[in-house]
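The values are calculated or read from the model by the stated rules, or taken from the named source; none is laboratory data. Owing to the predicted nature of the structure, the values given are computational and were not obtained by experimental measurement. Positions of Cβ are backbone-derived with ideal geometry, glycine not excepted, and every protein chain shown enters the neighbour counts.
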Amino acid sequence: MPKERVLASLDIGSSKIRTVIAVVDGEKQVERVPSVIGVGVSPSLGMRKGHVIDVEELIHNIISSLEDAERMAGVPVNHVFVGMSGSHIESFDSRGVIAISGSEISIEDIMRVLEAAQAVSIPQNRRILHIEPKSYAVDEQRGIKNPTGMTGIRLEVEAHIVTGHIQHVKNIEKCIDQAGVDIDALVPATIAAPEATLTKRQKELGVVCIDIGAGCTGITVFEEGTILHSVNLPIGGESVTSDIAIGLRTSIDTAEKIKIEYGSVLPTEMNERDMIDLSSVSKVDTQTISRRYMAEIMQARYYEIFSLAKAELTRLGRAGMLPAGAVLTGAAVKAPGVIDLARDVLGLPVQMGFPVDIGGVIEKVDDPAYATALGTLIWGMRDDENAVRGSSFQMKRAVKQVSSWLKSLFP
Ligand SMILES: Nc1ncnc2c1ncn2[C@@H]1O[C@H](COP(=O)(O)OP(=O)(O)OP(=O)(O)O)[C@@H](O)[C@H]1O
Ligand SMILES: [Mg+2]
C-alpha cells in the first residue's frame, strides 16, 4: 500500500462545480486529516436544481474545474468522489436483518445486512445513491455503532437510505465520464456537507446542518452520533436572486451582482437613504434602488427558508431542542445577517460551517461554500478505512474482493 494516496472530489452544484484534491497519509488508520493540495472552481451553467440542462456545457465546466485543481496540485486526477445535490434526492429509513452463524461478525456480514436493508421496493424511476447505517443490533443488544468482531446469531441494521431520480443521476454520471474521470462513489450533499463541518461532539449532542446552495437547501439532522433525518428543499440562493429581479425590476444578472455586493438580510440595520446606482454594475439596468428595500426582499426569502427548516425540525419533534444548534453551509449563507436571522427563526444557537479537520492549503477552502466538496472527499477517505459504512464505493470494492477470492478458488 502506498504511503500517501491522492483523493479527489467533485461537487456538482447548480451554481458552481468545485473540485478538491487532497493527499491522505496511507499509514495512520485513525483520525486521518486530508491535506488539500489543489482546488478548482468553475461556474455550473449546465445544471439547474440538480438536473442536467446542457450536457456539453456541464462537461466543459467539469473539465475546467478539474483542470484548475490539477494545475494547482501538479497531479492528474483519474477518479473522483462526486457530491450531488438537488431536490430529486430523497431519503427514508429502512431495516435489514440477517442470521449469522455465531462466529465473529465480519465485513461480509455487514455488507449482507446492509444489502438486506436495501431490499425494499422503490419506484422504478429511483435509484439508491447511498446507505448510511444508523445503528446495529446483535441479538438483544441494540444501539451498536460498529458490530465487527462481536458474536451473535442475529444481526440487524437500521439504515438511512438516500435515493435519486435515475435519469438525473445517469445524466450526471455520463457527463463526468465524458469529462474523462471515473466515479469512486456518489455522495449526496446532505451527507457530505455535515461530514466536513460538524464535530463528533455536535453530532452526539444533536445538531442540524442547513446547506443553502443555489437551487436547493439540504437539511441533515444528527442525534446520538447518527443521522436522524435528511431532506432537500427546492429553494435556495437562486430564489433570492429571482425575488430581487422581480421586486426591483432588474435583470437576473444584475440582481445576482447586487445581491452579492450589497445584499443583507437585516433591513433595519440599513440606512433608508442608502441607494445603489445599478449603472455601476450593469449596462442594461440604469435605475437607482434602495439598499434597504433589497434587504427586505432578501429577508423575506431567507425567513421562508429557515421557517421551512424549522417545520422539518418540528415534524421530528426537535424544534428548538438540538443542544448543538444549527450549522450553516453553502455559499448562500454568506449574506450578512443570515446567522442572526437563522438564530431568531430556529430558536437555536447558530454558527457558520467552516471545515474541521482539514490540512494543507486551507485558506482556499476555509469557506462554507466548500463544505460539500470537502465533505465528499472526507467521506471518501473515511470510507476507505471505516468498515462499518455500506457505501456503493465500499460495496463495489468488497464485491471486487469477494470475486477475486472466488476466482482464487476456481482458477
Ligand atoms: N456573499 C453572498 N451573499 C449571498 N448569496 C451568495 C453569496 N455568495 C454566493 N451566494 C449565493 O449562493 C448560491 C450558490 O451557493 P453554492 O455555491 O453553495 O451552490 P451550489 O452548491 O452550486 O448549488 P446547489 O447546492 O443548490 O446545487 C447562489 O445562489 C449565490 O447567489
Ligand atoms: Mg451545493
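I'd like to know if segment 372-382 contains one or more residues that are outside any helix (DSSP H, G or I), among the aliphatic types (A, V, I, L, M) and either surrounded by fewer than 20 Cβ atoms within 10 Å (Cβ to Cβ) or modelled with pLDDT of 95 or more (or both).
Looking for residues that are outside any helix (DSSP H, G or I), among the aliphatic types (A, V, I, L, M) and either surrounded by fewer than 20 Cβ atoms within 10 Å (Cβ to Cβ) or modelled with pLDDT of 95 or more (or both), one finds none in segment 372-382, hence no.
Mind counting the residues in segment 108-165 that are over 21 Å from Gly380 (Cα atoms) and loosely packed, with under 15 Cβ neighbours inside 10 Å?
15
Across segment 204-230, which residue is farthest from ligand 2 (Cβ to nearest atom) among those that are assigned to a strand (DSSP E or B) and of a type in the set (Asp, Glu)?
My answer is Glu223.
Provide a single number: the residues in segment 256-300 that are more than 34 Å from the chain's Cα centre (by Cα) and within 18 Å of Ala331 (Cβ to Cβ).
Here the count works out to 0.
Looking only at segment 25-36, decide whether some residue is among the small types (Gly, Ala, Ser) and surrounded by 19 or more Cβ atoms within 10 Å (Cβ to Cβ). Step through it out loud before you land on a result.
Looking only at segment 25-36, we keep the residues that are among the small types (Gly, Ala, Ser), and these are 26, 35.
Add one more test, that the residue is surrounded by 19 or more Cβ atoms within 10 Å (Cβ to Cβ), and what stays is none.
The answer is no, given that none of the residues of segment 25-36 is among the small types (Gly, Ala, Ser) and surrounded by 19 or more Cβ atoms within 10 Å (Cβ to Cβ).
How many residues does segment 176-190 hold that are within 13 Å of ligand 1 (Cβ to nearest atom) and in a helix (DSSP H, G or I)?
Of the residues in segment 176-190, 2 are within 13 Å of ligand 1 (Cβ to nearest atom) and in a helix (DSSP H, G or I).
Condition check: part of a helix (DSSP H, G or I), buried (at least 20 other Cβ atoms within 10 Å of the Cβ) and of a type outside the set (Gly, Ala, Ser). Does Ile289 satisfy that? Steps first, please.
Working: part of a helix (DSSP H, G or I): no; buried (at least 20 other Cβ atoms within 10 Å of the Cβ): yes; of a type outside the set (Gly, Ala, Ser): yes.
No, not satisfied.
Considering only residues that are among the charged types (D, E, K, R) and touching a helix residue (DSSP H, G or I) at 6+ places or on another chain (Cβ under 9 Å), look in segment 258-272 and name the one that is nearest to Ala342 (Cα to Cα).
Just the residues of segment 258-272 that are among the charged types (D, E, K, R), to begin with: 259, 261, 269, 272.
Imposing the further condition that a residue be touching a helix residue (DSSP H, G or I) at 6+ places or on another chain (Cβ under 9 Å) reduces the set to 259, 269, 272.
Values: Lys259: 18, Glu269: 16, Glu272: 24 Å.
Once the filter is applied, the top-ranked residue is Glu269.
Checking Val24 against (1) modelled with pLDDT of 95 or more; (2) assigned to a strand (DSSP E or B); (3) more than 16 Å from ligand 2 (Cβ to nearest atom): exactly one of these is not met. Which one?
Val24 satisfies every listed condition except (1).
Within segment 76-104, which residues are part of a loop (DSSP other than H, G, I, E, B) and either modelled with pLDDT under 95 or within 30 Å of Gly218 (Cα to Cα) (or both)?
Val77, Asn78, Ser85, Gly86, Ser87, His88, Ile89, Ile100, Ser101, Gly102, Ser103
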